[in-house]
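The next block holds one structure in the form of C-alpha cells; read it before the comments.
The values are calculated or read from the model by the stated rules, or taken from the named source; none is laboratory data. A quick note: this is a predicted structure, and the numbers were derived from the prediction, not measured. Neighbour counts run over all protein chains shown; Cβ positions are idealised from the backbone, glycine included. Heavy atoms of the whole protein, side chains included, go into the accessibility calculation; ligands, DNA and RNA do not. Shrake-Rupley method; radii C 1.70, N 1.55, O 1.52, S 1.80 Å.
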Amino acid sequence: MTQFPHLMSPLRIGAVTVRNRIVSTGHDTGMADHGGVIGDQLIAYQEARARGGAGLIVLQVAAISPEACYTSHILQAMNDDCIPGYARMTDAVTAHGATIFGQVFHPGREVIGSADGTLGVTWSSSTVPNERYHVKPRAMTPEIIRQTHISYADAADRMPLKLRVVVAEVDADPVERRVKGDVPDGLKVCIAGACSLWAERDGAGMGLLCIGG
C-alpha cells in the first residue's frame, strides 16, 4: 500500500465517515426485479462488494416518477413497493461495515426507451433535442417543476435512515438555452427545490448530497 498511503484511511463526506477510500461507484447493473424493485440478485451483488472491503457503495439511480424511467430496467423509488428492497439492501451492506448511498433520479431528456419500444412524454429544462437518443422534450412548466420537487422528496423519504441519499440528474443543456422565460433553469431548479423541501421534512438527520448539471 506504499503507493496509496491513504487508501485505507477513513474519509469524511459531510456528516458521513466512510471506513476507507475504496468506492463502488453507481452503475446500472440490469438486476432490478420486475417493477423496478431490489431483489435477491442485486442485494447479493452489492453485499459481495461490502464483504470484500469496499468503504462506500453507491447504488444505481432510482426513478422518482414514471417520467423518470429512462430505461425499462431502472430501479424505482416512486412508490412504496421499493421500501422493503431498500431496507434489505441497506441492512446487508452495512452489516459488513460499509456505507451505502442511494440515488434518486430524473433523466430529463436523456431517455432511451421502454420495454415495448414506445417513448412517453419527456420533460426537460428546454425543448433542445437530445443528440444521443434523438428525444425532443417539452419544456418544464412551473407546475411540473413543483411536482418534481415533491417527487424527489417523496422518493428520498422512502429510503432507510442508514442509507444516505444522493439527488441526481443528468440533464445539462449544453448551450444553456431556456425556451420559456418562466421556467428558470428547469431541472436545476428542481434539484434546489427538492433539497429544500426534503430538508424541511427531515427530522431524522438523514444525509443528503447533490450531483448533476
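Things worth noting here:
- The set of residues in the range 9-29 that are in a loop (DSSP other than H, G, I, E, B) and either at pLDDT 95 or above or open to solvent by less than 50 Å² (accessible area, probe 1.4 Å) (or both) comprises Ser9, Pro10, Arg19, Asn20, Arg21, Ile22, Gly26, Thr29.
- Filter pass, Ala48 being exposed (fewer than 13 other Cβ atoms within 10 Å of the Cβ), out of contact with any strand residue (DSSP E or B) (no Cβ under 7 Å at 6 or more places or on another chain) and either at pLDDT 95 or above or more than 21 Å from Asn79 (Cα to Cα) (or both): no
- Within the set Met140, Met159, the sole residue that is at pLDDT 85 or above and in contact with a Gly (Cβ under 7 Å, 6 or more places away or on another chain) turns out to be Met159.
- Residue within the range 70-77 that is open to solvent by 20 Å² or more (accessible area, probe 1.4 Å), assigned to a loop (DSSP other than H, G, I, E, B) and modelled with pLDDT of 95 or more present: no
- Pair list, Cβ < 9 Å and 6+ apart or interchain, from the range 106-124 residues that are open to solvent by less than 60 Å² (accessible area, probe 1.4 Å) and in a loop (DSSP other than H, G, I, E, B) to residues that are at pLDDT 85 or above and acidic (Asp, Glu): Pro107/Glu67; Val111/Glu67; Gly120/Glu67; Thr122/Glu67
- Of the residues making up the range 93-105, just one is surrounded by fewer than 21 Cβ atoms within 10 Å (Cβ to Cβ) and in a helix (DSSP H, G or I), namely Thr94.
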